[in-house]
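Here the structure comes first, spelled out in structure tokens, and everything after it is commentary.
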Amino acid sequence: MDRQIRPIYEALDTGSNKSAILACNKVLKKQPNNLLVKALKALALVRSQKVEEALVLCDEVLASKPADDPTLAAMMHVLRGLGRHMDMVTMYEDAYKQQPGNEELGTQTFFANVRIGNWKAAQQIATKMHKQFQDDHYLYWSVMSALLQAHDPSTPEALRTVLLKLAHRLISSSATPSFYNADRFHLHVNVLKELGLYDEAFEMVESETGKVVCSSNLACDELRREIWKLKGLTKEAGERAEKRILEAKDRNWLEFLAVLDGTFADLTSQPSDVEAAKAAVSERIVKAREFFGKIVEIDGMKDRSGHLALLELEKRARHHGLATDSAALNSSLEHYFQSFGGKACCYEDLKPYIELEGDELARWTAMLENQPATFASLSDIWRYINAQKLLRYNLSAADLTPEAETKRAVQYLDAYLDGLKLGKDLPSYDLQPADDLAILSAQAFVNIWKQTGDEAFLCNAAALLEYAIARSKMSYQIRLHLIRIYRLLGAPSLALEHYRSINVKQVQNDTLSHFILSRASTFSLSSIGDLTYTSECLESSRIYLSNSEETAEFIVRAFGSEKYSQIPDFIEFEDRLDNSLQRDLVKMEHVRMRIAHEPINSELVDMELIELKFIFDRVHHDNRDFDILANYQPRSVASFNQQTQFLEKTPGLGWLWVFLKIYIKAFQLASDLDDTVEDKLLIGDRPKPSYDPETKIPLNERLAMRKQEEINELTPDESLFYDYASALSQWLTPYHDYTRPPPSAVLAEAAKITEQKTGHPLKGLEISADAATNGHAKKDEEPPAVVEPPAQITQYFDDMLKRFKEVLEGKGLPHELLHLVTLTQEAFLLFVIETTRFKTPSVIKVNKLGALAQHIKEIRAKASAVLAEISSALVSYAEQEATAERRKEVVQACKPIIHESGLDHDFVLNVAKKITDARKQITDGVGKGLVRVCKTHA
Amino acid sequence: MSVLRPFRATDMFKFNHINLDLWTETYAINFYLGYFSRWPDMCAVQETPQGRIMGYVMGKAEGAGTERHGHVTALSVAPEYRRLGLARKFMSFLEQVSDENYRGYFVDLYVRCINTAAIHMYEGFGYSVYRRVKEYYQNLGLGLNPRDEEDGFDMRKPLSRDPMRRSVRANGRDITVSAHEVP
């Protein structure tokens, strides 16, 4: 037997699924009921994407309730591959029932429940196993499961305390004390904390053994600090922290915060006698100032803690109206700058403390302005950079005239070019110390653009940053700036080039892909068959698949190795990635690009409908990293991130919701699937139901809801598009509902296709004989009367043509132009999706909808005419872009930054060429795509 | 100065400014989760008072007998937080945990032979080259001498259980092994 099975495993291990299937078939010929081989064949089929065939085998194996390890293990992989985790639970439960003495099966049943987050069952199994096998770790499994169940959103409020009490009772019954293992100890203290038993928790962490555990385990130490706080021991914690700082030389900032919190504890604990509390705190402030002063003396420039604590002390004293020395803040700031101005982090350290006004601001500004722009060392240049950033932060709106800002931008740039000398001998892969000066200059230019709307300033920023990136190739910061600017300038191919150079990988796709994929359909050329952006969407989405395939396994592993402190974080991580807002924003963009490229048929429509409906039930998390983009803009204006948003609106949850509503509605009309059919055709588990009460409202009502806070996230043109889409679907709904074939006919068709593919009928489906007709069954009621299409539909395309001309003549930026053009194309495609059903002459005839067909024809003709007109205008716009005159204009505009050598005329001309070429490419492509799309759907 | 706290799974959403550095690799999520699910006490971050991550360290405990040791798998500090003593704090943290929690004889780490800044730094912390490992790393594509770009140094520092300093040697730079000979 082994001799026959081994080649199958070998083939599977090496990824040769084809030969695995052949080897399985060979065995199955002689032993048609060999469960293990069937399971292995199912696995090979799953891995070769032959899902339908795999399903048949999979169901056969499950039906015979396997109980031997090899078959179970193979089936575990099959079910995981199919996303059928519920079936995995049932399979192991059945096997465990057959062999209740089998500890391994018990463990696997526990793990199967852990994978799907079924904490209730997990807790019961673990408790049972603890009784049966008497091993302590099962007890802790059940405690952890009870705790997780208490936190699960599906658990009713009243049950939570019951579960926590159960966890407490269980953990107290443990034969061995929890402190033998740091993670058991962590779990124990956590249970006490959740139950509000702070005295007991305090006793644990402050016991001799507890102290030892906390001293070498950061997670336990973190919990210890929390317990102190929860017990209201703020003052005591402060005193303890003073000791740690002085005696153990601990420079953990948390210790300094503890001292600060202790200092103000009398006031922050809502005192009954405010005046007395103020007096007490005043005294403590004096002491704290002395204490931190002493630390500053001891540490000198070795550590920033004492210095920063003095600033924080001053800030808090002011907040409570207890500042005594009005010059203290200024002198602390000056002292800090003198000590640490030469470190890159100085600006960030000081930012919270420099919102100064009047004389204080004047004194601070004067000090900073005295920083010379001579760079003999790394410290010198950082001192200058920090001074510029700090000065810039406090500039008032009046200081920011285009002239003043241009002067500053040039000053930063000159300092940058000078600073390059300092790093001239660095290896090519090192960052230039002067980089931030180039970034400051670029941000100043962007700020002028924001005020004046003159794209010349964006070109200046782009050209100088291109110069900087050539000298500091590894600077992701410079590249992120370029990406933002190139998208505004309508040069997406250049933006993409820089994005790829950053080499975004793995989980970073979730947090960073927004830089390039936010509203990416604006820049997609899928309409002319260029799938660059389409595949970028797919690439960046692979991380979500690895998350759903792998993360749950590590929750299982953390149970296995008893690292309880990690489990809640793993669960949160999995959930945040699985329900990531960016994931579904990218999905939406992908759909928008897809319809411009692929034939619009039932395959596309049905699949997208199901997927988008799942998304519509999710509770999303926004993991996008915007903080990574440096901001050196003054506090009186918007941040650099906000300034360089696409049309001043970053798509968020509201934006996603609007587009989901638009597309679900459109696909729903176009599709023959209804919910009953969908259930039958679904393969994996349905996603867990959401706890958002809104998802309980019937789908059609949800789709019709219009919410202002969602509309607020749209650009004006997107808002028009939304109105158009709503009007369109409303107008066409009655005709779709009347014409759509009955569910039984749709199922019959699906069954026929499955049988053709696999040779097996669709499972669990009985088709009545009369349903198997061609879907044109006679209806009892009369067709709905055809009404005129509302003006929102007929007028839309004319309005967009007008908008296009306005923006074109008003010299709007290319991204604005592309935005409204791609939306007009999308409106046409939406129209195609929702009218494809009525293209079939027999449908029109049988349902007597001739008048409707006439309206559709007219609207399509109108839309096509408008798109053709825009197309030719856009193509000639593209022609003008790539001319020597345009390049010359760009170079002219960059006069402020052009130097004699290095960043010279030729360099800028080269950048100008790249920009204008990129613009030509996208406008020409989008323009030609319009005609192509019209032709495809004529 | 910083806040030293555990490195957790959800920090993966916030470590971009550290990982977009030439010397720092972003691994698949199972790499990080693998460490957190086995040696969570050897993974830590330091963050600013404002809660921004400045750098992180990931380590593991391996080997048996006198080979029992702590291993530094990754240590990275964002460029803007360098020259502030963060690496020293991470290393002493990892040495303490390797010593107290895992009773190791030494701590070791690998570093690219061309990363001279890092090598000097570790020497300053008491580490010394134990051996040179051929082709331990992937080429960075910098076009330098491929031997230096791909080879790594195995550097070690003895802990309190090794007072006779048997886990280190003076002539480590001269001893070369191939990548498959090391764990």
Practice task
Go through A:430, A:436, A:425 for me and flag whichever is within 35 Å of the chain's Cα centre (by Cα) and modelled with pLDDT under 95.
Solution key: A:430
Exercise for the section: Test residue B:65 against the criterion of being without any contact (Cβ under 8 Å) to a residue 24 or more places away in the chain and farther than 22 Å from residue B:24 by Cβ, and give yes or no. Expected result: yes
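Report those helices (runs of 4 or more DSSP H) wholly inside the stretch A:551-655 carrying at least 3 residues which are assigned by TED's automatic domain parsing to the domain that holds residue A:518.
A:552-560, A:567-578, A:581-594, A:602-616
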Exercise for the section: Pairs only if they're at least six apart or on different chains, beta carbon under 8 angstrom, first in the stretch A:332-344 and in contact (Cβ under 8 Å) with a residue 12 or more places away in the chain and within 14 Å of another protein chain (Cβ to nearest Cβ), second small (Gly, Ala, Ser) and buried (at least 20 other Cβ atoms within 10 Å of the Cβ); list them, first residue then second. Expected result: A:341/A:387
Practice task
Return yes when residue B:3 is more than 7 Å from chain A (Cβ to nearest Cβ), touching a Phe, Trp or Tyr at 6+ places or on another chain (Cβ under 8 Å) and buried (at least 18 other Cβ atoms within 10 Å of the Cβ) and no when it is not.
Solution key: no
Practice task
Hey, can you tell me all the residues within the stretch A:467-488 that are of a type in the set (Phe, Trp, Tyr) and within 9 Å of chain B (Cβ to nearest Cβ)?
Solution key: A:476
Fill in the blank from the handout: Over the stretch B:101-119, the set of residues out of contact with any Phe, Trp or Tyr (no Cβ under 7 Å at 6 or more places or on another chain) and either in a loop (DSSP other than H, G, I, E, B) or modelled with pLDDT under 95 (or both) is B:101, B:102, B:103, B:104, B:105, B:114, B:116, B:117, B:118
Problem - So residue B:116, is it within 14 Å of another protein chain (Cβ to nearest Cβ) and either among the polar types (S, T, N, Q) or in contact (Cβ under 8 Å) with a residue 40 or more places away in the chain (or both) - result: yes
Exercise for the section: Sort out which residues of the stretch A:10-60 are surrounded by fewer than 23 Cβ atoms within 10 Å (Cβ to Cβ), in contact with a Ser or Thr (Cβ under 7 Å, 6 or more places away or on another chain) and not charged (D, E, K, R), and write them in order of number. Expected result: A:11, A:17, A:35, A:56
Exercise for the section: Considering (1) at pLDDT 95 or above; (2) crowded, with 18+ Cβ neighbours inside 10 Å; (3) not aromatic (Phe, Trp, Tyr), say which one residue B:80 fails and leave the rest. Expected result: (1)
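Can you spot a residue in the stretch B:30-39 that is assigned to a loop (DSSP other than H, G, I, E, B), without any contact (Cβ under 8 Å) to a residue 12 or more places away in the chain and either touching a helix residue (DSSP H, G or I) at 6+ places or on another chain (Cβ under 6 Å) or under 16 Å from residue B:5 (Cα atoms) (or both)?
Within the stretch B:30-39, one or more residues are assigned to a loop (DSSP other than H, G, I, E, B), without any contact (Cβ under 8 Å) to a residue 12 or more places away in the chain and either touching a helix residue (DSSP H, G or I) at 6+ places or on another chain (Cβ under 6 Å) or under 16 Å from residue B:5 (Cα atoms) (or both).
Yes/no matrix, rows are residues, columns are (1) facing chain B (nearest Cβ under 9 Å); (2) free of Cβ contacts under 8 Å to residues at least 40 places away in the same chain; (3) under 17 Å from residue A:187 (Cα atoms):
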site: A:545; (1), (2), (3): no, yes, no
site: A:550; (1), (2), (3): yes, yes, no
site: A:557; (1), (2), (3): yes, yes, yes
site: A:570; (1), (2), (3): yes, yes, yes
site: A:573; (1), (2), (3): yes, yes, no
site: A:582; (1), (2), (3): no, no, no
site: A:586; (1), (2), (3): no, no, no
site: A:592; (1), (2), (3): no, no, no
site: A:595; (1), (2), (3): no, no, no
Fill in the blank from the handout: Going through the stretch A:899-938 in order, the residues found to be of a type in the set (A, V, I, L, M, F, W, C) and either surrounded by 19 or more Cβ atoms within 10 Å (Cβ to Cβ) or within 34 Å of the chain's Cα centre (by Cα) (or both) are A:903, A:907, A:908, A:911, A:912, A:915, A:918, A:922, A:926, A:930, A:933, A:934
Exercise for the section: Considering only the stretch B:89-112, state which residues are within 30 Å of residue A:436 (Cα to Cα), surrounded by fewer than 22 Cβ atoms within 10 Å (Cβ to Cβ) and more than 11 Å from chain A (Cβ to nearest Cβ). Expected result: B:112
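One line per residue, one yes/no per condition, for (1) over 24 Å from residue A:795 (Cβ atoms); (2) in a loop (DSSP other than H, G, I, E, B); (3) modelled with pLDDT of 95 or more; (4) not hydroxyl-bearing (Ser, Thr, Tyr):
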residue: A:844; (1), (2), (3), (4): yes, no, no, yes
residue: A:848; (1), (2), (3), (4): yes, yes, no, yes
residue: A:852; (1), (2), (3), (4): no, no, yes, yes
residue: A:856; (1), (2), (3), (4): no, no, yes, yes
residue: A:860; (1), (2), (3), (4): no, no, yes, yes
residue: A:864; (1), (2), (3), (4): no, no, yes, no
residue: A:868; (1), (2), (3), (4): no, no, yes, yes
residue: A:874; (1), (2), (3), (4): no, no, yes, yes
residue: A:891; (1), (2), (3), (4): yes, no, yes, yes
Practice task
Could you run through the stretch B:45-64 and say how many residues are facing another protein chain (nearest Cβ under 7 Å) and in contact with a helix residue (DSSP H, G or I) (Cβ under 6 Å, 6 or more places away or on another chain)?
Solution key: 1
Problem - Which numbered condition residue B:176 misses (of (1) out of contact with any Gly (no Cβ under 7 Å at 6 or more places or on another chain); (2) of a type in the set (Val, Ile, Thr); (3) under 23 Å from residue B:39 (Cβ atoms)) - result: (3)
Practice task
Report the residue count in the stretch A:658-685 for those that are in contact (Cβ under 8 Å) with a residue 60 or more places away in the chain and more than 16 Å from residue A:584 (Cβ to Cβ).
Solution key: 17
Exercise for the section: Kindly establish whether residue A:439 is within 14 Å of chain B (Cβ to nearest Cβ), part of a helix (DSSP H, G or I) and either free of Cβ contacts under 8 Å to residues at least 24 places away in the same chain or buried (at least 19 other Cβ atoms within 10 Å of the Cβ) (or both). Expected result: yes
Completion exercise
Just one listed residue, out of A:557, A:576, is of a type in the set (Lys, Arg), under 14 Å from the mean Cα position of the chain (by Cα) and surrounded by fewer than 24 Cβ atoms within 10 Å (Cβ to Cβ), and it is A:576
Completion exercise
Restricted to the stretch B:19-44 and to residues being surrounded by fewer than 20 Cβ atoms within 10 Å (Cβ to Cβ) and within 23 Å of residue A:626 (Cβ to Cβ), the residue farthest from the other protein chains (Cβ to nearest Cβ) is B:24
Practice task
Return yes or no: is residue A:561 within 30 Å of residue A:180 (Cα to Cα) and within 9 Å of chain B (Cβ to nearest Cβ)?
Solution key: yes
Problem - Extreme residue, nearest to residue A:472 (Cα to Cα), among residues of the stretch B:151-168 that are touching a strand residue (DSSP E or B) at 6+ places or on another chain (Cβ under 8 Å) and free of Cβ contacts under 8 Å to residues at least 40 places away in the same chain - result: B:151
Handout entry: When residues of the stretch B:7-18 are limited to those that are part of a helix (DSSP H, G or I) and more than 7 Å from chain A (Cβ to nearest Cβ), the one surrounded by the fewest Cβ atoms within 10 Å (Cβ to Cβ)
Key = B:11
Fill in the blank from the handout: Every listed condition ((1) within 24 Å of residue A:620 (Cβ to Cβ); (2) touching an Asp or Glu at 6+ places or on another chain (Cβ under 7 Å); (3) crowded, with 23+ Cβ neighbours inside 10 Å) holds for residue A:551 save (3)
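The values are calculated or read from the model by the stated rules, or taken from the named source; none is laboratory data. Please read these numbers as outputs of a predicted model, since none were measured by experiment. Methodologically, a virtual Cβ is constructed for each residue, glycine included, from the backbone with ideal geometry; neighbour enumeration extends over all protein chains shown.
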